[in-house]
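Here's the structure, in structure tokens; my notes come after.
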């Protein structure tokens, strides 16, 4: 794999992770997990595509079909393993002030 193909793979997998995080939401920690999962699963998909000699949806030396499929599977699996994002606790509601006696009393 050439250096430009490696750079392109890094960009594509990062973009997919960012779009996935935009869709699923969460804190910065989840974004870091999604980025790591996208990079690793994209690389694994690329290796599997090379091993199986897949020629569908190639971009230069990149096996986009197998890499994108593995990347999406890895992101959904990571999202499932992380569970729901608890985030910050909901803000406490303020009670309305207790009305005292009116001005005429």
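No lab work stands behind these numbers, since they all come straight from the coordinates. Model, not experiment: these values are computed from the prediction. Note: ideal-geometry Cβ built from the backbone for every residue, glycine included; neighbour counts use all protein chains shown.
Quick notes on this structure:
- Normalised by the number of residues in the chain, the mean separation of alpha-carbon contacts (under 8 Å, six or more apart) gives a relative contact order of 27 percent.
- Per-residue Cβ neighbour rank within 10 angstrom, fewest leading, 8, 64, 52: 52, 8, 64
- The convex hull drawn around the Cα atoms of region 33-84, when projected onto a plane and averaged over every direction, covers 3.4 nm².
- Helix-only [θ]222 nm of the chain, DSSP H runs n ≥ 4, -39500 (n - 2.57) each, per residue, nearest 500: -21500 deg cm²/dmol
- For region 24-42, the residues whose backbone nitrogen is under 18 Å from a point 7 Å from the Cα of residue 11, taken along Cα to Cβ, are 39, 42.
- Most mobile listed residue (58, 27, 93) in the chain, GNM with C-alpha springs under 10 Å: 93
- Alpha carbon Rg of the chain, scaled by the compact-globule rule 2.2 N^0.38 Å: 1.81
- Folded to 0 to 90 degrees: helix 28-51 orientation relative to the chain principal axis, Cα: 20 degrees
- Between 0 and 90°, nearest 10: helix 64-82 axis offset from the chain longest Cα axis: 30 degrees
- Degrees separating the helix 3-24 axis from the principal Cα axis of the chain, which is the longest one: 30 degrees
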